[in-house]
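I have placed the structure first, in the form of structure tokens, so that the comments after it can refer back to it.
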Amino acid sequence: MPSNQFWAEASAYGNGNGEPVDCSFDEAEDDSSAGLSVVRDSASIDMDRIRRAVREILLAVGEDPDREGLRETPDRVARMYAEVFQGLHQDPGVHLKKLFTQKYDEMVLIRDIRMVSFCEHHLLPVIGRAHVAYIPNGKVIGLSKIPRVVDVLAKRPQMQERLTEELADLLMRELDAKGVAVVIEGTHSCMTIRGVNKPDSSFVTSAMRGTFRERLATRSEVMSLIFGSR
């Protein structure tokens, strides 16, 4: 589910010829008018293998994959997987290489970053929001970069707990920040549409690093800024 132009090239996936599709892109030097900045590697997704697997699943559940409504489903699913799992073949750190010198040592917070991931246990969607704060140590990052990092890490089979810690550790390391706080709220389809069937439930995880972990006042401040208006 691409939500902005950053994923515009995802439409190139799934050429329908049965060959693996390259799911990597040239990295942009900086922000272009198209908003693209991604990384190239040699990884690819085997589209034809996914198509065959989806056809087998349809047969296994008792469906007819050759009927009109399902005839193109394996190809649609293959293209969807190439899109929603493209983060497996991208380096999130590439978006954090360009920092700006700025004497600012107060909290920087980006709230309500829309996030779509897939639970690795059932391959069902996790839809939610990430809230990310950091305290600079002489350098700041461009505003769009943190949401891009969230997208790369989320577009993989994930556990929310791991995603939260991966994001916090990466930002702490690459930004050389005094502190990083990450809070993620997610609605897991594996809980809302199956199993316990609790559609109103949400899952909240947090990871605190540096000053946010060491100082209760700083941690309380960021949690108040994130949740205080609710």
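Quick note: the coordinates plus some simple rules give every number you see, no bench work behind them. Note that this is a predicted model, so its numbers are computed, not measured.
Can you work out ³J(HN,Hα) from phi for every residue in segment 217-223, in order, using Karplus 6.51 cos²θ - 1.76 cosθ + 1.60 and θ = phi - 60°, giving whole Hz and x for Gly and Pro?
Coupling constants for segment 217-223: 4, 5, 5, 5, 5, 5, 5 Hz.
Any idea what the alpha-carbon Rg over 2.2 N^0.38 Å comes to for segment 99-227? Write out the running numbers ahead of the final one.
Numbers: Rg = 15.2 Å, N = 129, 2.2 N^0.38 = 13.9 Å.
Cα Rg divided by the expected 2.2 N^0.38 Å: 1.09.
Any chance you could get the radius of gyration and Dmax over the Cα atoms of segment 68-131, in Å?
18.0, 62
Whole-Hz Karplus ³J(HN,Hα) for segment 48-54, in order, using 6.51 cos²θ - 1.76 cosθ + 1.60 and θ = phi - 60°, x for Gly and Pro?
Computed from phi, the couplings for segment 48-54 are 5, 5, 5, 4, 5, 5, 5 Hz.
Using the Karplus equation 6.51 cos²θ - 1.76 cosθ + 1.60 (θ = phi - 60°), what ³J(HN,Hα) coupling, rounded to whole Hz, does each residue of segment 108-118 give in order, writing x for Gly and Pro?
Per residue, the Karplus-derived 3J(HN,Hα) values read 10, 10, 10, 9, 6, 7, 4, 9, 10, 9, 10 Hz.
Subtracting the Cα-Cα distance from 0.36 nm times the residue separation, let me have the gained length for LEU124 to GLU161 in nm, one decimal. Numbers along the way, then the final one.
On the way: separation 37, 0.36 × 37 = 13.32 nm, distance 1.60 nm.
In short, 11.7 nm is gained.
5 Å is the cut-off here: which amide hydrogens, built 1.01 Å from N in the peptide plane, fall below it relative to GLY179, excluding neighbours closer than 5 in sequence?
Here ILE135, THR211 satisfy the definition.
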